[in-house]
Amino acid sequence: MRWQEVALPLFVITVLIALKYLPMTAHLPLSRAAGVVAFGYAAFLALRLIQPEDGIMVEGGWAELRPSLVEYFACYGAAALAAVLLFAVIFMSSAADTTQLIATYIAVLLLGAGAAGIGMVGLFTNTRWDNRQVTHRTAMGRETTLDWSEVRSVRPNWRGITITGTTGRITFSQFHGGASQLAKHAATRAIRNAETATKAFAA
């Protein structure tokens with residue numbers, strides 16, 4: 001796990017608790033929201049523990065990343081919660097004040113955007129590799145191919161893990177099943193390529 005995976009939920013819970021003590025937002029159900037975040041994070045940790053480290057072998061000697069239960073839970077869970085809150089906004093607006101409606105609507109937008117983002121980046125992409133190259137296809141159908149001989153670095157970032165080569169870069173989710181295997185393989189290739197380049201320069 002990376003530090004961002006621990007810091008983000010703790011930051012959100014802290015903000016919700018702090019808002020509970022402000023007069024303008026004290027009447028909002030922020031304690032329940034903090035409880036939902038805590039429950040979701042506990043489920044995230046449980047699913048993260050069973051995330052497979054190795055990719056799935058497919059035809060032709062290719063290994064492939066697959067979305068993990070973490071990503072399915074996050075995407076469909078956020079979408080379902082957004083739908084429930086939207087239902088509350090539409091059909092229960094007469095029983096709530098303006099501040100509650102605005103806060104609920106903002107939560108719907110954030111959850112909906114989060115579900116769409118997770119789907120676009122995690123569920124509907126395809127990353128696979130063999131002993132010659134690694135390929136990545138985005139949810140929009142754009143495909144990037146890197147030969148292992150041109151890989152220069154492997155670095156984590158806020159979107160996942162990025163493999164950088166001389167002709168482009170590939171970013172994949174760290175929550176994919178097999179992400180650890182691909183990251184280690186790419187890092188090994190980058191080290192070998194750097195050593196080869198150093199020897200060639202010295203010669």
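Any idea what the relative contact order of region 109-203 is, in percent, if you count C-alpha pairs under 8 Å spaced at least 6 apart?
On the way: 122 pairs, mean separation 18.6, N = 95.
20 percent.
Which of the listed residues, Trp3, Thr25, Gly77, is farthest toward the dipole's positive end in the chain, when Lys, Arg count +1 and Asp, Glu count -1 at the beta-carbon?
Trp3
For a distance above 13 Å, tell me the whole-number percent of Cα pairs in region 1-50 that qualify.
Working: 724 of 1225 pairs.
It works out to 59 percent of all Cα pairs.
Take the chain, connect every pair of alpha-carbon atoms lying under 10 Å apart with a spring to form a Gaussian network, then pick out the residue of Thr138, Thr125, Thr98 with the largest mean-square fluctuation.
It is Thr98.
In what sequence, largest accessible area first, do Leu110, Leu19 appear using a 1.4 Å probe? Don't skip to the end; give the middle numbers.
Numbers: Leu110 120, Leu19 55 Å².
Reading off the accessible areas and sorting them downward yields Leu110, Leu19.
So, with a 1.4 angstrom probe, what is the percent of accessible area on region 126-201 that is carbon and sulfur?
After summing per-atom areas, the C and S share lands at 50 percent.
Treat every Asp and Glu Cβ in the chain as -1 and every Lys and Arg Cβ as +1, leave all other atoms uncharged, and give the resulting dipole magnitude about the Cα centre to the nearest 20 debye. Display every interim value, and only then the final one.
Numbers: 17 positive and 12 negative charges, 83 e Å.
For the chain, the charge dipole is close to 400 debye.
May I ask you to give the solvent-accessible area per residue for the chain, in square angstrom, as obtained with a 1.4 angstrom probe? The partial results should precede the final answer.
Details: 12490 Å² over 203 residues.
I get 62 Å² per residue for this part.
The values are calculated or read from the model by the stated rules, or taken from the named source; none is laboratory data. Quick caveat: nothing in here was measured; it's all calculated off a predicted structure. When we count neighbours, we look across all protein chains shown, and the Cβ atoms used for this are built from the backbone with ideal geometry, even at glycine. Heads up: the accessible areas ignore ligands, DNA and RNA and are worked out on the full protein's heavy atoms, side chains in. Shrake-Rupley method; radii C 1.70, N 1.55, O 1.52, S 1.80 Å.
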